[in-house]
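The structure appears below as structure tokens.
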Amino acid sequence: MPQKTKRKLSLNRNVNDVIPYSKVRVEWIDILSDSGWADDKQFNKMKLAHPVNEGWLYNKDRYAIKLFASYEKEDDGSLTFGDRTMIPLACVKKMVKI
């Protein structure tokens, strides 16, 4: 019976794959809207949304944070960003580095 070959999955990052952005998890509050008709009971049941985003922190200033969840490294070393999100800082409830 032939021996089975074990394969190792390398989770070590290649130095060339490291990007200069911190990975974060952001918990925030978002608007909820509904264009339909509702009585007072239905209206009183409305609650704000509490989304969670994970990605790399591109920028943070006194007004907002900018995240991206995917990127492509070009041949020249530059980055192209995808899955971009901008969240007003006043809506951010918690942000932790992951």
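Some observations on this one:
- Selection from segment 61-95 of residues that are surrounded by fewer than 10 Cβ atoms within 10 Å (Cβ to Cβ), of a type in the set (Ser, Thr, Tyr) and closer than 24 Å to ILE29 by Cβ: TYR63
- Taking strands (runs of 3 or more DSSP E) as the structural unit, those lying wholly within segment 33-98 and holding at least 2 residues that are without any contact (Cβ under 8 Å) to a residue 40 or more places away in the chain, touching a Gly at 6+ places or on another chain (Cβ under 9 Å) and under 19 Å from TYR21 (Cα atoms) correspond to 64-73, 79-88.
- Contact map, segment 19-31: first residue within 29 Å of MET46 (Cα to Cα), second residue loosely packed, with under 14 Cβ neighbours inside 10 Å and hydrophobic (A, V, I, L, M, F, W, C), Cβ cut-off under 6 Å, separation 6 or more or different chains; pairs are ARG25/VAL96; ARG25/ILE98; GLU27/VAL52; ILE29/LEU48; ASP30/ALA49.
Values quoted throughout were computed directly from the atomic coordinates according to the rules given, and no laboratory measurement underlies them. Remember, predicted model here, so these are calculated numbers, not experimental data. We place every Cβ from the backbone using ideal geometry, glycine too, and count neighbours over all the protein chains shown.
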